[in-house]
Every structure is written in structure tokens, then in C-alpha cells.
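First comes the structure, then the notes that go with it.
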Amino acid sequence: MNITVDSQKLPELAMQRSAGYWQTVGRRFMQQKIAVFAALVVLVLLVLAVFGPWLAPLDPYQSSILKRLKPIGFAGHPLGTDELGRDMLSRLIVGTRLSLFIGITPVICAFVIGSVIGITAGYAGGWVNTSMMRTIDVFYAFPSVLLAIALSGTLGAGITNSLISLTIVFIPPIARVAESVTTQIRGRDFVDAARASGAGAFTIVRVHVLGNVLGPVFVYATSLIAVAMILASGLSFLGLGVKPPEPEWGLMLNTLRTAIYTQPWIAALPGAMIFITSIAFNLLADGLRSAMEIKQ
């Protein structure tokens, strides 16, 4: 008995299957307490990033020589003051927006560009795959830290150039993951069935490939946000990223490094924020990866 499937019904069937899959992923994710807690931490950070200027108790740019490097718990300054007498709590809260922006933006840009490159190479195969992926492999010859520093040094200091350099750094690994997953999906039975039913390449990629590829690539990209924040903070620490007096955690580490012997707890606060944020995004990515490991 031959069973034929109308190619016009393929998108509807795929959507139904995808809806059930993501419901299962959601249930599995909510069962992981650590991942849920990490998601709550990320949510709090996003709230601080959006509403930080209104939540900050004091002006993060107002300095006072008389109040410089006050300890934690000083009157009117719960987390003390920095080397210029600015309120540390306000600068940490307001700095969340810029720190997350330079950590998330390059990953999003690299996710879009790398996914397009990887899916195109993986689905096309042959010489297209070889030429595109061998070009991507060239970037693997350089460690990500050195590549980011070299690109930022060449382009010049500043937020825009930092974003460009970090985007270039993250495109190769995302493209490699997207190409690997696409190559696996291309040989699956449901893709062969879609071809046999008369579906075109664009329809197959849109209905079957994207739904199965973007999920794993998104989880991998989420894990790169922590790396992006660390690299961006490092660039700011070296003077290649954000410029004073903007509150950004990496820049705050740079300006407070001379106070490590007099007020070590104050100097450690920006690093603690970077550490907490990095751990939260890593745990969130691990939770998503575990929840998505479902055999369909």
C-alpha cells in the first residue's frame, strides 16, 4: 500500500510536531531547579538592564573626592564608593545594561550570520560546503582572546569596534555547529520523504531544517554569551572597549585595580557581577541543552 502526503500539508504537520516538541522541552526544563534558578537570575539582570537608570539610588556619574573608596556599608552607599567617590551600587546597576549589551549583541549577530553560513554549507554539501567551511576553519588557527584583541586593536577602541570584533570571533564556532547539525538532518528520512513528495529546497529548509537546526544552535549560542561578556570585559580592561566614565563592569575592574590593596572587596564587586552573570548563562544553556535532548 502506497501512502502519499500532500506537500501543501507538510508545513501544518511540521508545526504540529514542533508544538508538541517544545511543550515537552518546556516541561523538562521546569523540572530542573538549577536551570530555573539561573533563568530567574538572567531575568533579574535583564530587568536591571532595562530599568537600571530608574532603579539606581544615586547618580552613577556623580563623583566626590571626599567620599572616594569608602568601604561596604558606608552611610548612604551600601556597596561603598569607587576611586572617584561614585556610588558602587548605582554604577553596578546601571552598568548591567552596557555589560549585557556588549555580551549579547555580538552573539545575536553571530547567531544570525553563522546560522546562514552553516545551514547553507550543510544543506548544499559538495564544493560549496568545502569552500565555505575551509574558509571558516582559518579563524580556528587563532585563539578567540588573541583574535578579539587583534581585531579590536586594528579597528580601534570603542563599543562599535568591540561589537564587530566579537561578532567575527563567534561566527566560526556557530557556523560549524549549524553545518554539523544540518548535515545530519539532511540525511534523515523525513527530509527524503519531503523531497519525494515534490517539496522544493526552500520549503524543506524552512519547514524541516530550520526547526531542527536553530534549536541546538541557539542553545550553543546561549553558552557563548558568558564568553562574550568575559571577552568584552577583557577588552574594556585593556582600554579597547568602553571608555570612561561609562559604567561597565570590565572598565570598572580596570579603574579599580589600583584599589585592590586598600579596598579589595570594592575592587572585587564588578568581577563578582561578571562571574554571577557568566555562571547564570552557562547554567541556563546547560538546562536548555538537557531539556532539548529528546528522541522524536
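The values are calculated or read from the model by the stated rules, or taken from the named source; none is laboratory data. Source: prediction; values computed, not measured. Positions of Cβ are backbone-derived with ideal geometry, glycine not excepted, and every protein chain shown enters the neighbour counts.
Looking at ALA141, ALA148, ALA124, ALA157, just one residue is without any contact (Cβ under 8 Å) to a residue 12 or more places away in the chain and either in contact with a Pro (Cβ under 9 Å, 6 or more places away or on another chain) or surrounded by 14 or more Cβ atoms within 10 Å (Cβ to Cβ) (or both), and that residue is ALA124.
Annotation: GLU293 fulfils all but one of (1) within 21 Å of the chain's Cα centre (by Cα); (2) touching a residue at least 24 places away in the same chain (Cβ under 8 Å); the unmet one is (2).
Annotation note: of THR183, THR130, THR160, THR135, the sole residue that is part of a helix (DSSP H, G or I), modelled with pLDDT under 90, under 30 Å from MET273 (Cα atoms) and more than 14 Å from the chain's Cα centre (by Cα) is THR160. Of the residues making up segment 192-246, just one is assigned to a helix (DSSP H, G or I), closer than 30 Å to ALA267 by Cβ, touching a Pro at 6+ places or on another chain (Cβ under 9 Å) and not hydrophobic (A, V, I, L, M, F, W, C), namely SER233. TYR61 meets all of the listed conditions (1) at pLDDT 90 or above; (2) under 27 Å from the mean Cα position of the chain (by Cα); (3) of a type in the set (Phe, Trp, Tyr) but one, namely (2).
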